[in-house]
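K.L.:
Okay, handing you the structure first.
The values are calculated or read from the model by the stated rules, or taken from the named source; none is laboratory data. These figures come from a predicted structure and were not determined experimentally. Backbone-built Cβ (ideal geometry, glycine too); neighbour counts: all protein chains shown. Heavy atoms of the whole protein, side chains included, go into the accessibility calculation; ligands, DNA and RNA do not. Shrake-Rupley method; radii C 1.70, N 1.55, O 1.52, S 1.80 Å.
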Amino acid sequence: MRKIAKAVAALAVVSALALSGCGSGRTETPAASGSASAAGFAKDAVVGVALPQKTSENWVLAEGLFNDGLKAAGFTPSVQFANGGVTEQQNQISAMIEKGAKVLIVGAIDGGQLGTQLDAAKKAGITVIAYDRLLTNTQNVDYYVAFDNFKVGVLQGQALLQGLQARKGTKQKWNVELIAGSPDDSNAKVFFDGAMSVLKPKIDDGTLTVLSKQTSFEQVVTQGWKAENAQKRMDTVLSGFYQSAELDGILSPNDTLARAAMASVAAASKPLPVVTGQDSEVESVKSIIAGKQYSTIFKDTNKLVAQSIVMAQALQQGKTPEVNDTKSYNNGVKVVPSYLLPPVIVTKDNAATVYANDKTLGPLTKA
Ligand code: BGC
């Protein structure tokens, strides 16, 4: 079964590569002379992929897709997780540089803690691509490939409001609580800011009330994206502020934390609130189909990995990789040229359509 899934995933990457090569209507331009990529490099060069901890299914999926996709493209992949934390990831990146990698694709645990390694990468003439999470406070990141994270947050905020109207529309004022991701992941604040761009005006005009008054990012973060941390905080919030009041909705930044929040609500024997999510994890998609979790976000990992490999191929050929955004993602030092993919909001209403071609999720949507 596993082998079949892997083969299907590899095929998906290869066909996505083919598609992005001839379907975009745009072609890569030769790099300006003097830039790191002008000369190109050997077809079988080492491409290092540094992944963070396995905090959600998307990262696990990315590992296999990178291994298969990079091999299919002719490269020598070196793909590693850093389950032990930041120091392990720093060491892994140093080892990839030692191995002679020509491209580093980095999904950072903490995008601000890799400065020394990225300096070394730059000195070695390596092109650095930030994958999914931006690398912050460094000059030494060349490209960013990700789903538009701010847009993810906006979609989550909109889904929360839509869900409250759809499921709890007998009232027009609702109590909600907010959860954010891990503060060391640069995405967490961007998701939160995107959601708050939609929710803050509704808190300010009294449509939404946060009884705990925990509305700043720092107050609502979840260290390490760990389910138990979100669940513990929700337990405390529920017992402190919702003994007699009803909690109508929870902004959750991803599916793992959504399920943790719902577990907390169930343990407190409270009615089910509207809960948002992200990542289209199997358990959450089942929950959405069963009418429990309200929404998730579909970010097709096949596409994100394929886009990263397309960038590596352009560099190999001495071309400048295509980007589609040169203004949105400032890392504190510079705006990083980005290739952003569009995230898709999923509720019970559109799950069957969105996942129609997904081998794992599609069948879950059939009654
Ligand atoms: C990713 C999310 C994921 C989270 C925890 C974020 O950086 O963009 O998709 O849920 O990390 O793994």
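K.L.:
Using +1 at the Cβ of each Lys and Arg and -1 at the Cβ of each Asp and Glu in the chain, identify which of Thr87, Thr360, Leu341 lies farthest towards the dipole's positive end.
P.N.:
Comparing the listed Cα positions along the dipole, Thr360 ranks first.
K.L.:
Here's another thing I want to ask about it. Calculate the dipole size of the range 150-298 relative to its Cα centre from +1 charges on Lys and Arg beta carbons and -1 charges on Asp and Glu beta carbons; express the result in debye to the nearest 20. Present the calculation step by step, with values, prior to reporting the outcome.
P.N.:
Details: 16 positive and 15 negative charges, 86 e Å.
Taking the Cα centre of the range 150-298 as origin, the dipole is about 420 debye.
K.L.:
Using a/c under 1.5 as the rounded threshold, could you call the range 144-245 rounded, prolate or oblate? The axes a ≥ b ≥ c are square roots of the C-alpha gyration tensor eigenvalues, and prolate needs a/b larger than b/c, oblate otherwise.
P.N.:
Values: a/c = 2.06, a/b = 1.21, b/c = 1.70.
Oblate is the answer for the range 144-245, as a/c is 1.5 or above yet b/c matches or exceeds a/b.
K.L.:
Roughly what would the spin-label model give for Gln219 and Lys366, points 7 Å off Cα along C-beta, in nm?
P.N.:
Each label point is offset 7 Å from its Cα along the Cβ direction, giving 4.8 nm.
K.L.:
Quick check on the range 298-367: take the gyration tensor over C-alpha atoms, sort the square-rooted eigenvalues as a ≥ b ≥ c, and tell me if it's rounded (a/c under 1.5), prolate or oblate.
P.N.:
It comes out oblate by the Cα gyration axes.
K.L.:
Using a Förster radius of 35 Å, what is the FRET efficiency between Asp119 and Lys327 based on their Cβ-Cβ separation? Nearest 0.05, please. Don't jump to the answer; show the numbers that get you there.
P.N.:
Numbers: r = 26 Å, r/R0 = 0.73.
The value I calculate is 0.85.
K.L.:
Can you give the translational diffusion coefficient of the chain in µm²/s, computed by Stokes-Einstein from the Kirkwood radius over Cα pairs at 37 °C and 0.692 mPa s?
P.N.:
Values: Rh = 21.3 Å.
The Stokes-Einstein estimate is 154 µm²/s.
K.L.:
Could you work out how much longer the chain between Ala95 and Ala39 gets when fully extended? Use 0.36 nm per residue separation minus the Cα distance between them, nm to one decimal.
P.N.:
Details: separation 56, 0.36 × 56 = 20.16 nm, distance 2.35 nm.
Result: 17.8 nm gained on full extension.
K.L.:
Leaving out ligands, DNA and RNA, and with a 1.4 Å probe, what % of the accessible surface on the chain is carbon or sulfur?
P.N.:
Reported share for carbon and sulfur atoms: 53 percent.
K.L.:
Moving on. Over the range 150-298, calculate the relative contact order: mean separation of alpha carbon pairs under 8 Å at least 6 apart, over the residue count, as a percent.
P.N.:
With pairs under 8 Å counted, the relative contact order is 27 percent.
K.L.:
To continue, here is another question. If you take the charge dipole of the range 150-298 about its Cα centre, with +1 on Lys and Arg Cβ and -1 on Asp and Glu Cβ, which of Thr170, Ala261, Ile250 is farthest toward its positive end?
P.N.:
Final value for the positive-end residue is Thr170.
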